[in-house]
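The values are calculated or read from the model by the stated rules, or taken from the named source; none is laboratory data. Keep in mind it's a predicted model, so treat the numbers as computed, not measured. Here Cβ is always computed from backbone atoms with ideal geometry, including for glycine, and neighbour counts include all displayed protein chains. For the accessible areas, the whole protein counts, side chains as well, though only heavy atoms, and no ligand, DNA or RNA atoms are used. Shrake-Rupley method; radii C 1.70, N 1.55, O 1.52, S 1.80 Å.
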Amino acid sequence: MTATVSAAVRTTTADRVEGSSVDIAVELRGLSKVYRSGRNQVQALDRIDLGFPRHSFTCVVGASGCGKSTLLSIIAGLDQPTAGELSVNGTVGLMFQESALFPWLTAEQNIELPMKLRRVPKAERRTRVQQLLQLVRLEGFGSKRPHELSGGMRQRVALARALAQNADVLLMDEPFGALDAMTRDILHHELERIWQQTGATIIFVTHNVREAVRLGDRIVLLSSRPGRVVDNFDVHFARPRRIESPEVGSLSIAVTSRLRQEVARHGTDVPT
Ligand SMILES: Nc1ncnc2c1ncn2[C@@H]1O[C@H](COP(=O)(O)OP(=O)(O)O)[C@@H](O)[C@H]1O
Ligand SMILES: [Mg+2]
């Protein structure tokens, strides 16, 4: 398809799914999810078709309650779809809005834990923990416990712990949502660098459109509940991007208006 919004190119979902499956890290076909409890049922996702190419950075945006977290938990295998197919090529790591670190463990021990659970030998774990602390720029803070670290530092530890799973696919659920703008800006930069260094496939959920345009090489828009894919934007701006740059701003406006149209039809919150 041709460019329709400034430097962004919209692509259809079908274009994505029909790509060579060799290069697809995660693929969803006709994936739906209905939560049932007693007589109540909530349809969270409705026939999602999406392919995530290996090494891509996709941001998923949509109003609150549209099924973003549900989508990630299904990809992570923590929840089962009601219908449709999912294929994940490789291992999956997770990171959430709250760092969810164990308060009684030091930063190093928190990062080491996934490797301990995988029975990675001690010497190898030690080396890897030091590499990861360096990668997230926390050298010298390994012996601190979470309460001794700032919110941004705790999210760095959580990121290192997610990377310690050696995951091919990193699922991130509003990981910077609780941080102040300055800290978030720094972590955007760090995440972009780490993504380029590690070559992981990132699926990043956010309700913050500017954050999505700052980070993603593709933005997937979900409708209000039940979540359906309503649009895709490819973002070709050079990296590193600045969140306050005019190009990020103008594409954010275009994406937000598309979301507003969608929300107007269903009547839920518009993302900020
Ligand atoms: N375990 C669950 N049981 C029942 N309903 C759920 C459960 N998890 C999520 N939901 C419902 O599914 C919808 C989508 O939720 P969620 O995926 O958390 O949305 P988002 O992350 O986009 O805010 C919401 O209406 C939510 O209340
Ligand atoms: Mg959520």
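Here are the numbers:
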item	result
Residue satisfying all of: in region 196-242; assigned to a strand (DSSP E or B) and not hydrophobic (A, V, I, L, M, F, W, C); nearest to ligand 1 (Cβ to nearest atom) among these	G227
Residue selected from region 27-60 under the condition open to solvent by 60 Å² or more (accessible area, probe 1.4 Å) and among the polar types (S, T, N, Q), by the criterion nearest to E211 (Cα to Cα)	Q43
Checklist (1) under 16 Å from the mean Cα position of the chain (by Cα); (2) open to solvent by less than 30 Å² (accessible area, probe 1.4 Å); (3) at pLDDT 90 or above applied to V255, failing item	(1)
Any hit, region 83-99, residues being at positive phi, within 11 Å of ligand 1 (Cβ to nearest atom) and under 15 Å from the mean Cα position of the chain (by Cα)	no
Matching helices (runs of 4 or more DSSP H) fully within region 61-180 where at least 1 residues are open to solvent by 20 Å² or more (accessible area, probe 1.4 Å), closer than 28 Å to L31 by Cβ and within 16 Å of ligand 2 (Cβ to nearest atom)	68-75
Within region 181-206, considering residues that are more than 16 Å from ligand 2 (Cβ to nearest atom) and of a type in the set (S, T, Y), the one modelled with the highest pLDDT	T201
Single residue of region 209-235 satisfying the filter (under 15 Å from the mean Cα position of the chain (by Cα) and open to solvent by 30 Å² or more (accessible area, probe 1.4 Å)) that is nearest to ligand 2 (Cβ to nearest atom)	R210
Yes/no for E247 being open to solvent by less than 30 Å² (accessible area, probe 1.4 Å), in contact (Cβ under 8 Å) with a residue 12 or more places away in the chain and outside any loop (DSSP other than H, G, I, E, B)	no
Total residues in region 106-127, condition more than 24 Å from E174 (Cα to Cα) and of a type in the set (A, V, I, L, M, F, W, C)	4
Residue within region 121-140 that is in contact with a Pro (Cβ under 6 Å, 6 or more places away or on another chain), over 17 Å from S56 (Cα atoms) and at pLDDT below 95 present	no
